[in-house]
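First up is the structure itself, then whatever we jot down about it.
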Protein chains: 2
Amino acid sequence: MKADLDRLMLDRELDAFVVTGGEEFNTARYYLSNGANITHGSIFKVRDKPPLLVCNRMELEEAAKSGLDVMTDVELGYYDRLKEAESDGLQATVLHWADVFKRLGLEAGRVGLYGTWQVNRTIALYQLLCAELKSYEFVTEAKANLIEAAMLTKDAEEIRRLKSVARRTNEVMEIAWNFIAELCAEGEFLLDEDERRVTIGAVKDLVRRELMARGLEDTNMIFAQGRDAGFPHSRGEAEMPLQIGQAIVFDLFPRELGGGYHHDMTRTWCIGYAPPEVQKAYDTVMEAFDISVEAFGINKPTHLAQEAAQDHFEAAGHRTTRSDPRAMDGYIHTLGHGVGIDIHEAPSISHLNQDDVFQIGNVLTIEPGLYYPERGYGVRIEDLFVVEEGGELVSLTPFRKDLVIPLSGDE
Amino acid sequence: MKADLDRLMLDRELDAFVVTGGEEFNTARYYLSNGANITHGSIFKVRDKPPLLVCNRMELEEAAKSGLDVMTDVELGYYDRLKEAESDGLQATVLHWADVFKRLGLEAGRVGLYGTWQVNRTIALYQLLCAELKSYEFVTEAKANLIEAAMLTKDAEEIRRLKSVARRTNEVMEIAWNFIAELCAEGEFLLDEDERRVTIGAVKDLVRRELMARGLEDTNMIFAQGRDAGFPHSRGEAEMPLQIGQAIVFDLFPRELGGGYHHDMTRTWCIGYAPPEVQKAYDTVMEAFDISVEAFGINKPTHLAQEAAQDHFEAAGHRTTRSDPRAMDGYIHTLGHGVGIDIHEAPSISHLNQDDVFQIGNVLTIEPGLYYPERGYGVRIEDLFVVEEGGELVSLTPFRKDLVIPLSGDE
């Protein structure tokens with residue numbers, strides 16, 4: 001968590017770091033600026049000193065809401081440097097950073113670089129920093145970097161927000177269930193009050209509206225039916241009408257409006273009835289889910305949970321990416337991942353990750369699945385969990401795990 | 001536009017380029033993949049050959065919608081390379097890229113790198129590429145890069161989408177106007193049907209809902225009243241009640257749902273009446289707007305339009321960032337910018353930019369403003385324009401430019 005930053009910097013022998021970027025959503029900047037609503041600005045932090053947020057003059061008011069020390073680029077002489085650099089923004093930035101480092105008492109040292117930015121511009125800046133600021137060493141980290149390591153465990157305020165987003169997301173999932181349950185079947189299709197076929201697009205529109213009414217925003221949900229459900233990341237076709245007896249993978253992972261903390265949950269539904277093969281796959285996935293939760297333990301390597309799920313799937317006759325790294329069907333993804341400001345954070349629960357262990361403060365998904373596009377279905381079940389202070393793994397996703405949505409209109 | 005890519009590559013002596021990144025919204029990937037709904041995957045393009053989209057196996061179905069040549073990382077042996085690299089993802093990526101380059105017939109050459117990614121990971125990848133793939137030169141561009149240069153002019157399909165987003169955004173602006181016009185004043189506040197004070201948050205909620213109903217999403221609109229309006233990028237306080245006679249800067253810049261093309265427009269409103277000082281500033285800004293539009297000309301440097309606006313503001317006694325680069329009030333930003341998949345694209349209309357000229361296919365804003373937070377107001381007027389085939393500058397923002405919203409409830 002954020003309180004660990006100085007310690008993590010010491011572990012990594014970092015004297016300072018800079019978080020920078022452009023107008024892209026910038027996870028590290030959001031995290032360190034406590035969600036300040038800014039689209040420019042860099043954060044400079046020297047170890048054991050408070051961070052300084054350097055903002056554009058136009059964003060001073062929003063930057064101040066970060067609670068950090070804030071100065072504008074104007075105050076720090078950026079525009080003088082820009083003139084000196086004959087309007088070459090990159091050159092001016094490097095001179096400006098040197099000014100900021102000196103102001104913060106950093107004359108030399110190892111400096112980490114974080115944030116989100118255009119690839120081309122990042123490399124150009126890095127080249128110029130190395131060429132011009134020779135008393136500093138600009139360092140990278142191959143695996144989990146400093147910011148990711150801090151974000152790996154959530155503090156009490158982050159968990160409060162994650163629980164709030166979880167509660168609201170579960171409400172919306174229930175609204176979608178109820179909406180479908182009240183439809184009437186005509187042949188294989190579902191009709192609304194006006195006797196029109198209900199499409200995936202109509203369900204997604206409802207879900208987006210209900211999320212927004214709760215201060216959340218969709219970040220491209222998956223509502224994929226039949227063959228599409230067999231591709232883990234097919235989003236589903238808006239024009240496709242809902243059909244009875246088809247597997248629907250509904251993966252909902254909204255975040256706080258305008259950027260912020262996520263929830264992440266998946267249910268697999270069959271409207272009206274489930275074909276036996278889908279029911280069997282569903283039961284296998286539910287068993288894998290329970291086995292994975294059982295495999296959890298504080299300080300236990302996360303890959304053991306993935307391998308427990310893989311053991312189960314393989315014993316049931318399914319391919320996995322462990323038994324066949326090139327597998328295109330069966331169980332072909334990781335068991336789970338951390339969730340926070342990013343939808344995919346550390347830890348990773350993968351047989352290829354030998355480094356991560358379960359820790360107090362982790363907020364992570366468990367989401368086994370089976371995918372058979374050529375047989376016209378896929379199944380995934382996903383809850384989000386928090387590892388509580390006492391070391392218990394607690395689900396934030398209480399919504400029912402029923403495969404079949406019975407049609408009340410048929411009763 | 002996209003059709004210019006091979007020519008622009010030749011100009012820049014690029015033999016190939018790669019667009020890469022993580023799960024962040026990736027403008028270059030969206031652009032080149034024709035909006036494919038993918039969160040992983042890189043695009044490889046050798047000059048004068050079609051691009052190849054290399055996707056994650058889970059996203060094959062979505063990637064195929066790009067219309068590009070698509071291969072999965074599985075097919076291309078990424079997982080074999082991952083094993084070879086002992087699960088070091090970065091090392092595996094570099095080996096994998098070498099495989100892809102060879103498959104595309106690129107044995108050596110100058111390679112541009114684009115996309116959006118984490119800063120730290122970008123630099124680590126760049127270092128490894130330089131160290132391991134010595135027959136290639138990985139190059140950066142200081143100013144407008146290849147992708148930005150292509151995006152500088154929009155093709156017919158892009159302009160069709162931009163016009164559609166414009167039409168819908170203007171509709172929503174009108175709905176907001178009408179909503180406010182129908183309120184009743186009680187003292188300095190505005191009351192809704194339930195006689196509750198209407199807040200900025202209520203207006204924003206309405207706007208977000210109406211955008212969504214039209215397939216658009218808000219990207220953090222500005223609705224800033226009074227002193228907040230005096231800071232160009234203050235978003236406005238949700239809890240603040242609307243007040244009569246206060247300047248409100250309403251800058252609305254939504255995009256197609258899930259990422260896509262934007263509109264960008266600003267109106268300044270005073271509910272009920274305008275104080276004389278705000279009216280005077282408004283008139284000055286409107287004059288600057290008209291002067292800026294007059295300054296437009298095909299192949300004319302864009303900075304001349306900014307300087308025409310600055311001449312006008314300075315003559316009227318206002319500071320500008322030309323007369324004082326450190327100015328914190330007056331006219332303190334650029335005159336405009338291109339708009340597309342990103343809200344701020346090339347060209348830039350700035351006195352500090354001597355490179356850009358107006359071209360057919362540009363889609364750009366003109367948005368002069370005046371900011372006096374200590375006097376409790378700010379004013380900005382912004383239309384989005386397209387430079388049509390015949391060279392005319394045509395506004396996509398027909399919505400009325402009236403300062404005062406008369407209260408019909410008072411009539």
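A short reminder: the numbers here are calculations on the coordinates, not readings from a lab. Keep in mind that what you see is a predicted model, and the values were worked out from it rather than measured. Cβ: placed from backbone, ideal geometry, glycine included. Neighbour counts: every protein chain shown.
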Practice item. Describe numerically, in nm with one decimal, the distance between label points set 7 Å from Cα along Cα→Cβ at residue B:64 and at residue B:280. Key: 6.7 nm
Review point. So for chain A, Kirkwood radius off the Cα pairs, Stokes-Einstein at 25 °C and 0.890 mPa s: how many µm² s⁻¹?
Key: 105 µm²/s
Check your understanding: Quick one: in the protein assembly as shown, what % of C-alpha pairs are over 51 Å apart?
Key -> 15 percent
Exercise for review: Neighbouring Cβ atoms within 10 Å as the yardstick, rank B:19, B:293 fewest first.
Suggested key: B:293, B:19
Exercise for review: May I ask for the net charge around residue B:41, where only other residues with Cβ less than 14 Å from the Cβ of residue B:41 are counted and Lys, Arg are +1 while Asp, Glu are -1?
Suggested key: -4
Review point. Residue-wise, which Karplus ³J(HN,Hα) couplings in Hz belong to segment B:161-175, taking 6.51 cos²θ - 1.76 cosθ + 1.60, θ = phi - 60°, and x for glycine or proline?
Key: 5, 4, 5, 5, 4, 4, 4, 5, 5, 4, 4, 5, 4, 5, 4
Practice item. Step through the table entries B:45/B:154; B:2/B:143; A:204/A:280, compare each Cα-Cα distance with 22 Å, and write down the pairs that go over it. Key: A:204/A:280
Check your understanding: In units of 2.2 N^0.38 Å, what is the alpha-carbon radius of gyration of segment A:2-150?
Key -> 0.97
Study note, to complete from the structure: In debye to the nearest 20, the charge dipole size for the protein assembly as shown, taken about the Cα centre with +1 at each Lys and Arg Cβ and -1 at each Asp and Glu Cβ, equals 1340 debye
Check your understanding: What list of ³J(HN,Hα) couplings, whole Hz, do you get for segment B:176-188 from phi and the Karplus terms 6.51, -1.76, 1.60, once you set θ to phi - 60° and write x for glycine and proline?
Key -> 5, 4, 5, 4, 5, 4, 8, 6, 10, 7, 10, x, 8
Review point. If you find the alpha carbon centre of segment A:331-358 and of segment B:260-303, how far apart are they in angstrom?
Key: 50 Å
Revision key, fill the gap. Charge dipole of chain B built from unit charges on the beta carbon (Lys, Arg +1; Asp, Glu -1), centred at mean Cα; most positive-end Cα among B:50, B:215, B:352 is B:50
Practice item. Based on other C-beta atoms within 10 Å, arrange A:59, B:141 from fewest to most. Key: B:141, A:59
Point to revise | Cα-centred dipole magnitude for segment B:2-150, charges only on beta-carbon of K, R (+1) and D, E (-1), debye, nearest 20 | key: 240 debye
Check your understanding: Which value at 222 nm does the protein assembly as shown reach when only helices count, each DSSP H run of 4 or more adding -39,500 (n - 2.57), with the total divided by all residues and rounded to the nearest 500 deg cm²/dmol?
Key -> -10000 deg cm²/dmol
Revision key, fill the gap. Computed on Cα atoms, the radius of gyration and Dmax of segment B:214-345 in angstrom are 16.1, 46
Exercise for review: Might you report the magnitude of the Cβ-based charge dipole of chain A about its Cα centre, with Lys and Arg at +1 and Asp and Glu at -1, to the nearest 20 debye?
Suggested key: 820 debye
Point to revise | 10 Å binning of all Cα-Cα separations within segment B:82-169, expressed as whole percents from 0 upward | key: 13, 34, 27, 16, 9, 1
Check your understanding: Put +1 on the Cβ of every Lys and Arg and -1 on every Asp and Glu Cβ in the protein assembly as shown; which of A:138, B:338, B:30 then has its Cα farthest towards the positive end of the dipole?
Key -> A:138
Point to revise | 10 Å binning of all Cα-Cα separations within segment B:28-111, expressed as whole percents from 0 upward | key: 18, 48, 31, 2
Review point. Can you work out the base-10 log of I(q)/I(0) for segment A:304-411 at q = 0.18, 0.23 1/Å, using the Debye formula on its C-alpha atoms alone?
Key: -0.97, -1.29
**Study point:** Radius, Kirkwood style, for segment A:62-101 when every pair of distinct Cα atoms is counted (Å)
**Key:** 10.7 Å
Exercise for review: Find how many whole Å separate the alpha carbon centroid of segment B:148-170 from the alpha carbon centroid of segment A:195-259.
Suggested key: 27 Å
Check your understanding: Of A:95, A:203, B:244, which is farthest along the charge dipole of the protein assembly as shown in the positive direction, counting Lys and Arg as +1 and Asp and Glu as -1 at C-beta?
Key -> A:95
Practice item. Compute the signed sum of charges (Lys and Arg +1, Asp and Glu -1) over the other residues within less than 13 Å, Cβ to Cβ, of residue A:192. Key: -4
